[in-house]
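No lab work stands behind these numbers, since they all come straight from the coordinates. Only a predicted model underlies this, so the values are computations on that prediction, with no experimental measurement involved. Note that each Cβ is placed from the backbone with ideal geometry, even for glycine, and that neighbours are counted across all protein chains shown.
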Amino acid sequence: KMSRMPIMPMASEMQSDSGYLTAVLWLLSFIVQTFPFIFYTSLWTYPGAWARLCGSHDPCKTMGDVAHMFKALQLVGFLSVANWDFPPWFCFVLLAGGQFLNAKVYQLIGSTGVYYGVRFGKHVPWISAFPYSVMRDPQYIGCMLTTVAIMWNTPTVHCVFLLIGYVYLMWLESEERTPRYINKLR
């Protein structure tokens with residue numbers, strides 16, 4: 001049994017005030033999970049607009065700040081609907097593996113690489129060392145491993161939505177690996 005959380009709150013659970021609150025928190029949490037995917041799609045597709053909006057501020061740093069805010073909101077959303085059963089050991093292995101990949105990517109390409117620097121005309125080195133030597137999108141793979149790790153304690157539909165979102169972003173970014181908007185930034 002992969003997840004101990006229900007897919008959605010049951011109608012019978014929503015009859016009481018606490019059930020209604022659970023349903024509202026569940027819905028708000030689900031909505032918050034969509035914010036990063038909309039944000040990343042907009043920035044990948046229209047980096048010039050983001051750079052102009054940032055003005056004299058570094059668009060990569062500003063993107064990173066907004067991304068961290070979204071992650072904090074996602075965490076609050078997940079915590080609001082999580083159960084607190086102690087997960088099995090493999091969840092910790094998946095979590096450690098996912099966070100290792102994320103940290104390694106950040107170490108190799110820095111915040112400029114992680115936060116779409118190539119789309120803003122910045123130099124991002126091409127890396128062929130591990131983990132890039134064994135997988136195409138190690139940061140998204142790390143995010144997916146982390147998501148599967150937390151699936152034990154969070155609603156399945158939230159986690160499946162995140163997994164679909166990460167696959168979508170991998171597809172979006174693979175469709176165009178070169179920065180087509182560099183000249184439009186200036």
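For this structure, a couple of remarks:
- Ordering of 140-150, 43-53 by packing [mean C-beta count within 10 Å, highest first]: 140-150, 43-53
- Remark: the stretch 150-167, residue by residue, has Karplus-estimated 3J(HN,Hα) of 8, 4, 4, 10, 10, x, 4, 5, 4, 5, 4, 4, 4, 4, 4, x, 5, 5 Hz, where x stands for each Gly or Pro and the curve is 6.51 cos²θ - 1.76 cosθ + 1.60 at θ = phi - 60°.
- The alpha carbon convex hull volume per residue for the stretch 11-184 rounds to 123 Å³.
- Evaluating 6.51 cos²θ - 1.76 cosθ + 1.60 at θ = phi - 60° for every residue in the stretch 36-46, the Karplus couplings come out as x, 5, 5, 4, 5, 4, 4, 6, 5, 7, 10 Hz, glycine and proline recorded as x.
- Of Leu25, Leu163, Cys54, farthest towards positive along the dipole that unit charges on Lys, Arg, Asp, Glu beta carbons give the stretch 11-184: Cys54
- Dipole-positive endmost among Val118, Ala103, Gln139 within the stretch 51-151 (Cβ charges, Cα centre): Val118
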